[in-house]
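Bear in mind these aren't lab numbers, they're just calculated from the coordinates by the rules spelled out. The structure presented is a predicted model; accordingly, all values stated were derived computationally and were not measured. Cβ placement follows ideal geometry from the backbone for every residue including glycine, while neighbour counts extend to all protein chains displayed.
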Amino acid sequence: MQGAKHQINWEKCKNCGKCTEICPTVALEIKDRKFPVQKLFKEILKDKVFYINSGGGVTISGGEPLNQAEFVKAIFELCQKEEIHTALDTSGFCKTELLKLVIPYTDLFLFDLFDLKHMDDREHRRLTGVSNELIYSNLRLLAEMNKDIQIRVPLIPSYNDMNDNILATVEFISSLGITRIAFLPYNKMAVSKYTWVGKRYVLEDIKPQKLKDLDHIPRIAVEHGLEVQIGG
């Protein structure tokens, strides 16, 4: 403590959680919990009536959930046996064999967050540090299998919200026979999360778009036969 403020030496932090055990005001806490498959599924079953009555279901997201593909497969397999709808929120940046593990047990694929950041591979490498080819390859596989897919594209001002990139994105999606796309306006909800773990949020100077500035984007997508959603 320094005054009334916690000071954490992140260079020495091992994520062991011991600091939370001795924190006198419970100001520090570990947010995650570990669940074996059967224990988590029992929690899911408690809300089965709500899933059935609402038409909803279970969505697994992350991070990248396919880093734990065997776990996702096990949960979704149990859900489908109980006729609970399953959705996977994935970046698409994963080994194809891991994706194939969950395909039979996934009703809806949400390609979200780090999925289609930029259509140009060089720009994608510059912005994210990796190529977009694996993402596109996995997406093509799902499209060829006629899986239910919704594309969700985060719109980062001056990074990927330019008309030429939007046009290239919707043309690519349309060519795969995918019909649904959601554009997600930029927000700063992640800033506090970076602060919690002692990291600098590199986009902190970027201002979120105003919705009126995005009016042209749905029109571009609709012209290519896509069902469009802004946000959510």
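Residue-normalised convex hull volume from the C-alpha trace of the stretch 103-228: 123 Å³ per residue. Label-to-label distance, E204 versus I30, with points set 7 angstrom from Cα along the beta-carbon direction: 2.8 nm.
When Lys and Arg each count +1 and Asp and Glu each count -1, what net charge do the other residues less than 9 Å away from Y201, Cβ to Cβ, add up to? Neighbour charge sum, excluding Y201 itself: +3. The per residue volume of the convex hull around the alpha-carbon atoms of the stretch 21-104 is 137 Å³. One way to sum up the overall shape of the stretch 170-232 is the equivalent ellipsoid from its Cα gyration tensor, whose semi-axes run 30, 14, 9 Å, largest first.
Remark: the stretch 130-142, residue by residue, has Karplus-estimated 3J(HN,Hα) of 9, 6, 8, 5, 5, 4, 5, 4, 5, 5, 4, 4, 5 Hz, where x stands for each Gly or Pro and the curve is 6.51 cos²θ - 1.76 cosθ + 1.60 at θ = phi - 60°. In order along the stretch 42-50, the Karplus-derived 3J(HN,Hα) couplings, from 6.51 cos²θ - 1.76 cosθ + 1.60 at θ = phi - 60°, round to 4, 5, 4, 4, 4, 10, 4, 4, 6 Hz, and Gly and Pro are given as x.
How much net charge surrounds A190 when only the other residues with a Cβ under 13 Å from the Cβ of A190 are counted, with Lys and Arg +1 and Asp and Glu -1? Taking every other residue near A190 into account, the sum is +3. Other residues with beta-carbon under 14 Å from the beta-carbon of E43 carry, at +1 per Lys or Arg and -1 per Asp or Glu, a net charge of +4. Answer rounded, prolate or oblate for the chain, using the Cα gyration tensor with square roots of eigenvalues a ≥ b ≥ c: rounded when a/c is under 1.5, else prolate when a/b is larger than b/c, else oblate. Oblate shape, in that a/c is at least 1.5 and b/c is the bigger or equal ratio. May I ask you to derive the FRET efficiency for K48 and N146 from their Cβ-Cβ distance with R0 = 41 Å, giving the value to the nearest 0.05? For K48 and N146, the calculated efficiency is 0.90. The residue list V37, C23, I220 was ranked by how far each Cα lies along the charge dipole of the chain toward its positive end, using unit charges on Cβ atoms, and C23 comes out on top. Taking amide H atoms as placed 1.01 Å from N in the peptide plane, the amide H of A182 lies under 5 Å from those of I151, R152, V153, Q229, each 5 or more residues away in sequence or on another chain. Each residue of the stretch 147-156 was assigned a 3J(HN,Hα) from its phi angle through the Karplus curve 6.51 cos²θ - 1.76 cosθ + 1.60 (θ = phi - 60°); the sequence is 6, 6, 10, 10, 8, 10, 10, x, 9, 9 Hz, with glycine and proline shown as x.
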